[in-house]
1. Report whether or not E164 is acidic (D, E), under 23 Å from G46 (Cβ atoms) and touching a Lys or Arg at 6+ places or on another chain (Cβ under 8 Å).
2. Only one of (1) in contact (Cβ under 8 Å) with a residue 40 or more places away in the chain; (2) among the small types (G, A, S); (3) in contact with a Lys or Arg (Cβ under 7 Å, 6 or more places away or on another chain) is not met by S66, so which one is it?
3. Since G129 meets every condition but one in (1) over 22 Å from F311 (Cβ atoms); (2) under 16 Å from the mean Cα position of the chain (by Cα), which condition does it not meet?
4. Mind checking which residues of the stretch 366-403 are modelled with pLDDT of 80 or more, part of a loop (DSSP other than H, G, I, E, B) and not hydroxyl-bearing (S, T, Y)?
5. Given (1) on the phi < 0 side of the Ramachandran plot; (2) touching a Ser or Thr at 6+ places or on another chain (Cβ under 9 Å); (3) touching a residue at least 12 places away in the same chain (Cβ under 8 Å); (4) not polar (S, T, N, Q), identify the lone condition not met by K132.
6. Here are some residues: R53, R45, R74. Which one is buried (at least 18 other Cβ atoms within 10 Å of the Cβ), assigned by TED's automatic domain parsing to the domain that holds T274 and touching a Gly at 6+ places or on another chain (Cβ under 8 Å)?
7. For the stretch 31-60, what are the residues that are touching a Leu at 6+ places or on another chain (Cβ under 9 Å) and assigned to a strand (DSSP E or B)?
8. Looking only at the stretch 83-105, decide whether some residue is at pLDDT below 95, at negative phi and out of contact with any His (no Cβ under 9 Å at 6 or more places or on another chain).
Amino acid sequence: MRTYQLLLVVLASMQVMVAQKDCSRPPLGRLSVSDMTNSTWNGVRGGLYPEGRNVPPPNNMSAYESTISTIVPRSLDGAVDHVDGKIVMIGVGASNPRTEFNAFVAFAMADPMRSTNIVFANTCVGGQGVQKMNQTSDSYWKNAEKVVDSLHCSNAQVQVAWVETDNTQDTDTAFPGAAEGLADQLFTLCSTMRSFYPNLKVIYFSSRSYAGYIDPATALAGKGLLSPRDHLNGWAIKFLIERQINGTPGYRFSEDSPELPALMWCTDNWADGTTPRLDGHFWHCDDFSGDGLHLSPLGEEKSGARIHTFFSTDPLAQRWFHTASTTSNDETALTDESFIRYIVGEMISLQSPVAVDAAIYNIHGELVWSATIDGLVQIPTTGFTPGLYLVRQGERTSTFLRP
């Protein structure tokens, strides 16, 4: 018996030693797909959407608007019910997406403008890859139904999905073939999801975070999760969404008999380690736990904040995420000059060309600062507890992380 116990201790110790990250590993030297709006990689132009755009093409906006307008509270049987109905939003993926979605939900629940009709259902399961989830017979979907049912909701009320996933076993890194192959698998996943959720209107995708800190010699993660597969993940999502926009058969979403939900971007999470992207986003080694793959609490909050910022500021997503549209008739109030300008050290700067009420809330929804601003205002954050914060400036919201 003592020999058996000793063996367990040794095996456990080996596992701890094996699961290590290597913060000295150099970056890939690549750009994220969202930073390549005016450049190409192996002859393929970047940008989240076609023609080097990071926003949906203007010609498709009416179709997106029409689809999103049908996201309304529904009863258990799927019928429209503006009184007691719910809008169920599910999170789909494995372990990192699970914690990221939880972080997003925590911040969303503290958002004073969030629609109270929304119910968040985290259906993510650790270790699950798209190669399993794209099968209707996989146990993932039985578990997902139990999660939805535990919230006193039904599959007929699921109308929005957030997805972050990859094939955990696919080691192909050739471009563009590997990204196209993953896009094929994501298409199957979308078809599978539609079979379970008849009222699913939109699937929002986030790309994977950086995997370059994983030591491949000691990694316990599936080979498909190692770098540079992380970089190709964003390209696969781009290819998938472009197929729908370009009218590929089987992808139709905007007609009377849609074949798929609308496929859209949420956040491009990938950045080349500590090399900042054009928007300032980067991944520090401290953003990851000891295995280099799973996010640390700091990394979870960073990703959750980015997801929340998207849903709370995207003009289309706001139509269902907020209690009412935050679109203003004052064009001046919607410019970049009227929002968070920058965060430096222990100071956050806000600016507005007109007088507007501003407030900062912590993750629990508690007010920590408020004032009427007219011009540039600098706010010390030295007294703020480390964590996520929501900034409301007039009718607009965003988030920031206090380290």
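The values are calculated or read from the model by the stated rules, or taken from the named source; none is laboratory data. Computed from a predicted structure; not experimentally measured. Backbone-built Cβ (ideal geometry, glycine too); neighbour counts: all protein chains shown.
1. Details: acidic (D, E): yes; under 23 Å from G46 (Cβ atoms): yes; touching a Lys or Arg at 6+ places or on another chain (Cβ under 8 Å): yes.
Against the criterion (acidic (D, E), under 23 Å from G46 (Cβ atoms) and touching a Lys or Arg at 6+ places or on another chain (Cβ under 8 Å)), E164 qualifies.
2. (3)
3. Here G129 clears every test but (2).
4. G383, F384
5. Condition not satisfied by K132: (3).
6. Working: R53 fails: buried (at least 18 other Cβ atoms within 10 Å of the Cβ); R45 fails: buried (at least 18 other Cβ atoms within 10 Å of the Cβ).
None of the others qualify; the one that does is R74.
7. Once the filter is applied, which keeps residues that are touching a Leu at 6+ places or on another chain (Cβ under 9 Å) and assigned to a strand (DSSP E or B), the stretch 31-60 yields only W41.
8. Yes; the residues of the stretch 83-105 include at least one that is at pLDDT below 95, at negative phi and out of contact with any His (no Cβ under 9 Å at 6 or more places or on another chain).
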